[in-house]
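See below for the structure under consideration.
The values are calculated or read from the model by the stated rules, or taken from the named source; none is laboratory data. Note that this is a predicted model, so its numbers are computed, not measured. Here the Cβ positions follow ideal geometry from the backbone for every residue, glycine too, while neighbour counts run over all protein chains shown. For the accessible areas, the whole protein counts, side chains as well, though only heavy atoms, and no ligand, DNA or RNA atoms are used. Shrake-Rupley method; radii C 1.70, N 1.55, O 1.52, S 1.80 Å.
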Amino acid sequence: MIRLENVSLAFEDKVILDNISLSIKKGEIAVILGPSGAGKSSIIKIMVGLWQPDSGRVFIGNKDISKLSESEMLPLRRKMGIVFQGNALFDSLTVEENVSYFLKEHGSLKSSEINAKVSEILSFINLEGTEKICIDQLSGGMKKRVAIARALSFDPEIIFYDEPTTGLDPINAKSILDLIKRVSERGATSIAVTHILNDAVSIGDTLSVINDGTVVQTGTVQDMLASENKFVKDFFYVVYQDAALLKNKKFYK
Amino acid sequence: MASTITNFKKKIYTLQEYTFMLRELFLSLKYVNKCKRDAINEMYLVGSQAFLLVLLGGAFMGIILALETGHQLDLFGAKNLVGRTVSLGMVRELGPIITGLLLAARTGAKNASEIGAMQISEQIDALRAFGTNPVLKLVMPRTIAAMVMFLPLTAVADISGILSGMVVSKLSLHIDTSFFWHSAISALLMKDIFVGFAKPILFAFFIATISCFYGFQTRGGTSALGKNTINAVVVTSLIVLVLDLIFTKVVWELL
């Protein structure tokens with residue numbers, strides 16, 4: 001579904017991505033995991049076509065998008081949805097206006113059809129009744145849900161999540177992770193980037209650990225736990241630590 | 001030396017980026033119908049809401065021009081020429097310049113800060129990611145609105161300048177109002193009006209596009225936003241002055 005072949009990217013002298021290759025299958029939830037500044041968000045921006053790589057190729061389906069112009073990207077972008085790290089919602093607009101924004105901009109739907117679509121999406125993300133509320137009056141968790149709702153407005157085949165739970169409390173974070181799984185069940189291929197290990201383990205069908213712009217290891221959670229790679233072991237150490245803490249019930253002391 | 005070369009390269013690169021944005025703007029002209037509603041909204045914001053500012057700016061310019069020239073001309077017994085001096089000064093130069101500078105500050109700051117804030121909060125990326133051309137969506141309506149509204153605003157500045165000059169000439173220099181008005185109007189030739197009203201269109205184009213460009217160039221946090229907003233106002237103000245000089249020189253030599 002999505003394939004990165006030897007992708008490199010640098011800004012001035014700083015190397016962001018160094019010869020990265022990744023493959024994501026249709027329908028799966030792929031998580032790109034790594035520390036802050038590892039180049040995770042850059043991968044998403046390259047996959048969406050917001051940035052072009054310096055070298056290498058990016059395939060969406062069988063189409064190489066690495067050198068496509070903005071206008072050539074338009075039809076492909078209609079098949080994608082993206083949830084930005086900071087939500088990127090239009091804060092002077094209401095929930096309904098945000099979710100319907102791009103449907104009105106590009107869609108050929110009638111007003112009544114757009115309203116029905118918005119209601120259906122808001123119901124799916126459990127935000128019924130918030131249509132007329134302005135974005136700046138919502139909590140962080142609700143904003144994230146609206147960002148997901150907006151990304152779902154075109155029924156995308158691929159949906160990208162950039163740090164979906166950053167800044168949220170554990171309860172809201174869990175509800176967002178559950179929502180990502182439910183979105184995936186609708187058939188969309190999901191790609192999430194995060195630095196939060198528990199999120200990655202919780203939702204990822206496959207994980208790709210990246211560090212300093214290179215892919216360190218790709219595989220399932222079990223593959224990661226069995227890895228002999230020092231960086232992966234260090235990164236996953238917290239899982240063992242948490243498991244040990246829970247086992248010894250140290251939280252309750 | 002190396003840093004000077006790097007800085008020069010950056011300036012060239014910035015100019016190149018601005019040129020690309022203008023190219024995108026011209027290529028988007030075929031979709032101009034799509035931004036009709038946004039353009040009308042912008043016209044209200046950059047035009048109607050700036051009415052009082054421009055009215056007062058023009059009025060004070062007219063008063064100062066009448067007082068300064070009136071007292072000097074009086075020394076030669078030529079204070080009756082104040083009317084034509086004020087009208088020519090306002091229509092040819094001060095009307096467009098004061099409107100350009102006031103709007104470079106007001107509209108320039110508005111465009112750069114709005115688009116800059118959208119850039120920082122990834123809203124520009126969101127527009128692109130969901131298939132909307134940010135230049136068509138954000139730059140086109142602002143440019144159209146500025147080019148349409150700067151013209152009547154310049155007329156407001158000109159008229160308020162001439163009228164306030166007339167009032168102050170009556171009160172301070174004891175020049176008859178009907179004489180002032182007649183000499184002011186009869187002094188104006190068609191080419192004065194052409195020059196006076198062609199300038200705002202040119203100013204508007206550069207104020208709108210340069211300030212939007214600075215908004216797009218914003219990277220980082222709020223300090224970068226502040227810095228780019230200042231840069232937008234400074235550069236657009238300078239451009240207004242430079243364009244005025246070029247336009248005056250070229251047009252007066254051609255016409």
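Is at least one residue of the stretch A:77-88 assigned to a loop (DSSP other than H, G, I, E, B), over 30 Å from residue A:236 (Cα atoms), open to solvent by less than 10 Å² (accessible area, probe 1.4 Å) and facing another protein chain (nearest Cβ under 10 Å)? Yes, that holds for at least one residue.
Could you check the stretch B:201-223 and list, in sequence order, the residues that are in contact (Cβ under 8 Å) with a residue 24 or more places away in the chain and open to solvent by 20 Å² or more (accessible area, probe 1.4 Å)?
First, pick out the residues of the stretch B:201-223 that are in contact (Cβ under 8 Å) with a residue 24 or more places away in the chain: B:201-222.
Scanning the stretch B:201-223 gives B:201, B:202, B:205, B:206, B:214, B:216, B:217, B:219, B:220, B:221, B:222.
Filtering the stretch B:197-207 to residues that are within 9 Å of residue B:150 (Cβ to Cβ) and of a type in the set (A, V, I, L, M) leaves B:201, B:204, B:207.
Have a look at A:223, A:205, A:178, A:199 and point out the one that is at pLDDT below 90, charged (D, E, K, R) and open to solvent by 20 Å² or more (accessible area, probe 1.4 Å).
On the way: A:205 fails: at pLDDT below 90; A:178 fails: at pLDDT below 90; A:199 fails: open to solvent by 20 Å² or more (accessible area, probe 1.4 Å).
The unique qualifying residue is A:223.
List the number of the failed condition for residue A:99; all other conditions in (1) closer than 17 Å to residue A:136 by Cα; (2) in a loop (DSSP other than H, G, I, E, B) hold. Failing condition for residue A:99: (2).
Among the residues of the stretch A:158-179 satisfying the criterion of being more than 13 Å from the chain's Cα centre (by Cα) and not hydrophobic (A, V, I, L, M, F, W, C), which is nearest to the other protein chains (Cβ to nearest Cβ)? Among those residues, the one meeting the criterion is A:167.
Restricting the stretch A:149-173 to residues that are β-branched (Val, Ile, Thr) and in contact with a strand residue (DSSP E or B) (Cβ under 9 Å, 6 or more places away or on another chain) leaves a set whose member that is most open to solvent (accessible area, probe 1.4 Å) is A:166. Within the bounds of the stretch A:156-171, is there any residue that is more than 21 Å from residue A:50 (Cβ to Cβ), modelled with pLDDT under 90, touching a Lys or Arg at 6+ places or on another chain (Cβ under 7 Å) and outside any helix (DSSP H, G or I)? Checked the stretch A:156-171: at least one residue is more than 21 Å from residue A:50 (Cβ to Cβ), modelled with pLDDT under 90, touching a Lys or Arg at 6+ places or on another chain (Cβ under 7 Å) and outside any helix (DSSP H, G or I).
Within the stretch A:36-60, residues that are closer than 12 Å to residue A:73 by Cβ have Cβ atoms under 7 Å from residues that are of a type in the set (D, E, K, R) and open to solvent by 10 Å² or more (accessible area, probe 1.4 Å) in these pairs: A:50/B:125; A:50/B:128; A:51/A:45; A:52/A:67; A:58/A:64, counting only partners at least 6 apart in sequence or on another chain. When A:113, A:128, A:120, A:105 are checked against the criterion of being open to solvent by 20 Å² or more (accessible area, probe 1.4 Å) and at the interface with chain B (Cβ under 8 Å from one of its Cβ atoms), a single residue qualifies: A:105.
If you go through the stretch A:183-192, how many residues are away from chain B (no Cβ under 14 Å) and either under 14 Å from the mean Cα position of the chain (by Cα) or under 20 Å from residue A:43 (Cα atoms) (or both)?
Qualifying residue count, the stretch A:183-192: 6.
If I go through the stretch A:36-52 residue by residue, how many of them are open to solvent by 40 Å² or more (accessible area, probe 1.4 Å), more than 10 Å from every other protein chain (Cβ to nearest Cβ) and not small (Gly, Ala, Ser)? So the count comes out to 1. Residues that are surrounded by fewer than 13 Cβ atoms within 10 Å (Cβ to Cβ) and without any contact (Cβ under 8 Å) to a residue 40 or more places away in the chain number at least 2 in the following helices (runs of 4 or more DSSP H) confined to the stretch B:26-99: B:36-46, B:51-75.
So, in the stretch B:123-181, of the ones that are assigned to a loop (DSSP other than H, G, I, E, B) and open to solvent by less than 20 Å² (accessible area, probe 1.4 Å), which residue ends up modelled with the highest pLDDT? So that I can check it myself, show each step before the final result.
Of the residues in the stretch B:123-181, the ones assigned to a loop (DSSP other than H, G, I, E, B) are B:130-133, B:174-176.
Cutting the leftovers down to open to solvent by less than 20 Å² (accessible area, probe 1.4 Å) gives us B:130-132, B:175.
Values: B:130: 86, B:131: 84, B:132: 87, B:175: 91.
Once the filter is applied, the top-ranked residue is B:175.
Is the stretch A:53-75 home to any residue that is at pLDDT below 90 and buried (at least 23 other Cβ atoms within 10 Å of the Cβ)? Within the stretch A:53-75 (the criterion being at pLDDT below 90 and buried (at least 23 other Cβ atoms within 10 Å of the Cβ)), the answer is no, since none of the residues qualifies. Over 22 Å from the mean Cα position of the chain (by Cα), part of a loop (DSSP other than H, G, I, E, B) and within 14 Å of chain B (Cβ to nearest Cβ): does that describe residue A:92? It is true that residue A:92 is over 22 Å from the mean Cα position of the chain (by Cα), part of a loop (DSSP other than H, G, I, E, B) and within 14 Å of chain B (Cβ to nearest Cβ).
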